[in-house]
Amino acid sequence: QVQLVESGGGLVQPGGSLRLSCAAPRSIFSEWGMAWFRQAPENERELVAAITSGGTTNYADPVKGRFIISRDNAKNTVYLQMNDLKPEDTAVYYCNARRTISVEGAYVEHWGQGTLVTVSS
């Protein structure tokens with residue numbers, strides 16, 4: 001069982017910043033795509049940002065220009081820097097590791113336990 005360990009959630013005021021971290025096992029990190037998802041109460045889990053093993057990034061429209069995903073392969077850690085936070089960013093944030101295993105697109109993935117981010121005054 002691959003364990004992804006998240007940290008960095010908490011309570012922040014609107015306009016503030018937080019940085020989430022997700023540590024992955026060295027055995028998988030360098031070759032796997034990493035991503036952050038979030039799930040607000042009564043909503044489906046949604047992609048926030050993703051980064052490939054080569055460093056290519058993509059972002060959901062609501063967070064473009066405010067969030068930055070990055071990875072440190074030496075530390076086996078992926079980060080999500082969240083700036084200018086809004087109340088609608090309140091959610092449980094999940095780290096995801098994914099690797100495609102076939103040309104047809106089959107993949108394997110692992111999830112972290114989630115970390116709560118609350119944006120409120």
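Structure notes:
- Just one of the listed residues (L11, L20) is open to solvent by 50 Å² or more (accessible area, probe 1.4 Å), among the aliphatic types (A, V, I, L, M) and modelled with pLDDT of 95 or more, and it is L11.
- Among the residues listed as R71, R45, the single one being surrounded by 13 or more Cβ atoms within 10 Å (Cβ to Cβ), among the basic types (K, R) and within 16 Å of R19 (Cα to Cα): R71
- Residue in the stretch 38-48 that is without any contact (Cβ under 8 Å) to a residue 24 or more places away in the chain, under 14 Å from the mean Cα position of the chain (by Cα) and not in a loop (DSSP other than H, G, I, E, B) present: yes
- The set of residues from the stretch 51-63 being in a strand (DSSP E or B) and open to solvent by 20 Å² or more (accessible area, probe 1.4 Å) comprises T57, N58, Y59.
- L116 being on the phi < 0 side of the Ramachandran plot, touching a residue at least 12 places away in the same chain (Cβ under 8 Å) and open to solvent by less than 80 Å² (accessible area, probe 1.4 Å): no
- Those residues of the stretch 64-117 which are outside any strand (DSSP E or B) and either basic (K, R) or within 12 Å of the chain's Cα centre (by Cα) (or both), in sequence order: K64, R66, K75, K86, G112, Q113, G114
- Pair list, Cβ < 9 Å and 6+ apart or interchain, from the stretch 91-107 residues that are free of Cβ contacts under 8 Å to residues at least 60 places away in the same chain to residues that are of a type in the set (D, E): A91/E46
- Close pairs (8 angstrom Cβ cut-off, 6 or more residues apart or separate chains): closer than 21 Å to Q39 by Cβ and of a type in the set (D, E, K, R) in the stretch 60-80, part of a strand (DSSP E or B) and open to solvent by less than 40 Å² (accessible area, probe 1.4 Å) anywhere: R66/M82
- Options E42, E6, E88: the member that is in contact with a strand residue (DSSP E or B) (Cβ under 6 Å, 6 or more places away or on another chain), within 29 Å of S121 (Cβ to Cβ) and of a type in the set (D, E): E6
- Of all residues in the stretch 23-37, those being surrounded by 12 or more Cβ atoms within 10 Å (Cβ to Cβ) and part of a loop (DSSP other than H, G, I, E, B) number 4.
- Filtering the stretch 1-48 to residues that are small (G, A, S) and under 16 Å from V63 (Cβ atoms) leaves G8, G9, G15, G16, S17, A35, A40.
The values are calculated or read from the model by the stated rules, or taken from the named source; none is laboratory data. Since the model is a prediction, treat every value here as computed from it, not as a measurement. Quick reminder, even Gly has a Cβ in these numbers, built from the backbone with ideal geometry, and neighbours come from all protein chains shown. These area figures cover heavy atoms from the full protein model, side chains too; ligands, DNA and RNA do not enter into them. Shrake-Rupley method; radii C 1.70, N 1.55, O 1.52, S 1.80 Å.
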